[in-house]
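The values are calculated or read from the model by the stated rules, or taken from the named source; none is laboratory data. Everything numeric in this text was worked out from a predicted model, so none of it was measured. Cβ atoms come from the backbone with ideal geometry, glycine included; neighbour counts cover every protein chain shown.
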Amino acid sequence: MNDQLIPYLKGLEERPDATPRQKVISQIMSGVERTRVDTEKNFLDILDKVDEIKQSNISDTHIFTLSQIYEGLLLKMGEKGNDGGQFFTPQEVIRAMVQMAKPKVGEKVYDPCCGTAGFLAQAYVSMSQDENLTAENIETLKNSTFYGREKENLIYPISLANLVLHGVDRPHIWHGNTLTGSEIYGGLFEQAPRQFDVILTNPPFGGKEGKEAQTNFAYKTSSTSILFLQHIIDSLKPGGRCAMVIDEGVLFRTSEDAYVKTKRKLLDDCNLHTIISLPGGLFAAAGAGVKTNILIFEKGKSTEKIWYYDLSWVKVGKRNPFTIDRFDKFFEIFADKSDSEYSWTVDRATIEANNFDIKAVNPNKKQEVDTRSSAEIIAQIQSLHREIAAEIKALLQ
């Protein structure tokens, strides 16, 4: 494996007649120097695990058995304390966002910072489940639909492997820095369009870029969130749509010129029709404690009003993980965008008056008021003290 197989697979792309699939395999192996299976026992344990794989244990959201196994590995990478956390978006959020954007066969789907390619893989799963697909449609999905960019050397081959294992024969992933344009390998991105029909993405939180990246954008800032937002707007086709995760600081920050001008450009060039306020601890497991939101917009028509939906009240933790059914009520009223206890609408004039502060602040949120008197509160505290004292006495007997 070390002396023959790995060098052979890595060298496939150098063949004069290399096929697209051989180029993909070569790039998947690009970061592999040698196998980490260092003993015969470990090798036999791996074979036993593979032998235990049964189709009956596979979720119906997975077309190919190994895709679920791989997804499980990515979930482990997303846990706090692991380096992969910064590249991981919760699967429930990804599925909901794909449902919001509704990519169709024939459209080009793009993620400018694709990480492990979770958005692209889920988009493929969703699009391939259409019962009316023709053989030509399937070939289109497998070969000329999914495009992405990834900077990190270790994550780039993981994104390729994830897409291949889900059934995408030709994942068009560009290896390099999206914001500076610095390319490491672009062989799989040849003939990619300049603009795309659908963008699904979660740009990195709190990142910084230097002058080299800023020269490529109209509004200069070191914030990767703002630079990615400008890139996304420019990368959408007229009529194209985007669902993206963004940190809340982008929405309310008005002290820096680039933030205000980028949000003005978003509202001028696109119809930012929906903002979803996500729970505060949603990305804590991935090592990111920032508050986040989902933006949904279409390019080609300016924003007249924004409809907000509030999920910030949902408590997320190890014992109560975030599940996709939290979006059920959202999807019930998403088409009509009606107001409710958790949804409301803000018009463009109000947004401009607030200097493009578009943070979600629910005006319908019911305030919990403690109506007890001081005497009632003191009486309850004394009652609790008596209960505790009784329990301690019982323990000591």
Please work out if Asp370 is more than 24 Å from Lys305 (Cα to Cα) and in a loop (DSSP other than H, G, I, E, B).
yes
Look at Leu75 and say whether it is surrounded by 12 or more Cβ atoms within 10 Å (Cβ to Cβ), modelled with pLDDT of 85 or more, of a type in the set (A, V, I, L, M, F, W, C) and closer than 29 Å to Met127 by Cβ.
no
Scan the stretch 364-375 and give yes if some residue there is of a type in the set (Val, Ile, Thr), under 30 Å from Lys102 (Cα atoms) and out of contact with any Gly (no Cβ under 7 Å at 6 or more places or on another chain), otherwise no.
no
Just one of Ile306, Ile351 is assigned to a strand (DSSP E or B), of a type outside the set (Phe, Trp, Tyr), surrounded by 13 or more Cβ atoms within 10 Å (Cβ to Cβ) and modelled with pLDDT of 95 or more; which is it?
Ile306
Subset of the stretch 309-326 that is of a type in the set (Phe, Trp, Tyr) and modelled with pLDDT under 95 - its residue that is surrounded by the fewest Cβ atoms within 10 Å (Cβ to Cβ)
Trp313
Out of all the residues in the stretch 125-172, which are of a type in the set (Asp, Glu), free of Cβ contacts under 8 Å to residues at least 40 places away in the same chain and surrounded by fewer than 17 Cβ atoms within 10 Å (Cβ to Cβ)?
Asp130, Glu131, Glu136, Glu139
The correct count of residues that are farther than 14 Å from Cys114 by Cα and charged (D, E, K, R) in the stretch 126-162 is 5
Taking Asn271 as meeting all but one of (1) modelled with pLDDT of 95 or more; (2) part of a helix (DSSP H, G or I); (3) not basic (Lys, Arg), write down the number of the exception.
(2)
Yes or no: the stretch 25-41 includes at least one residue that is more than 31 Å from the chain's Cα centre (by Cα), modelled with pLDDT of 85 or more and not in a loop (DSSP other than H, G, I, E, B).
yes
Within the stretch 283-292, is even one residue within 16 Å of Ala96 (Cβ to Cβ) and out of contact with any Leu (no Cβ under 9 Å at 6 or more places or on another chain)?
yes
Inspect all residues belonging to the stretch 249-261 and state whether any of them is free of Cβ contacts under 8 Å to residues at least 60 places away in the same chain and hydrophobic (A, V, I, L, M, F, W, C).
yes
Tally time: how many residues in the stretch 131-160 are part of a strand (DSSP E or B) and of a type in the set (Gly, Ala, Ser)?
1
Looking only at the stretch 325-339, filter to residues that are part of a loop (DSSP other than H, G, I, E, B) and not hydroxyl-bearing (Ser, Thr, Tyr); which one of those is farthest from Ala96 (Cα to Cα)?
Asp339
Considering each of Lys337, Lys291, Lys301, Lys359 in turn, give the residue that is surrounded by 12 or more Cβ atoms within 10 Å (Cβ to Cβ), not assigned by TED's automatic domain parsing to the domain that holds Phe252 and not aromatic (Phe, Trp, Tyr).
Lys359
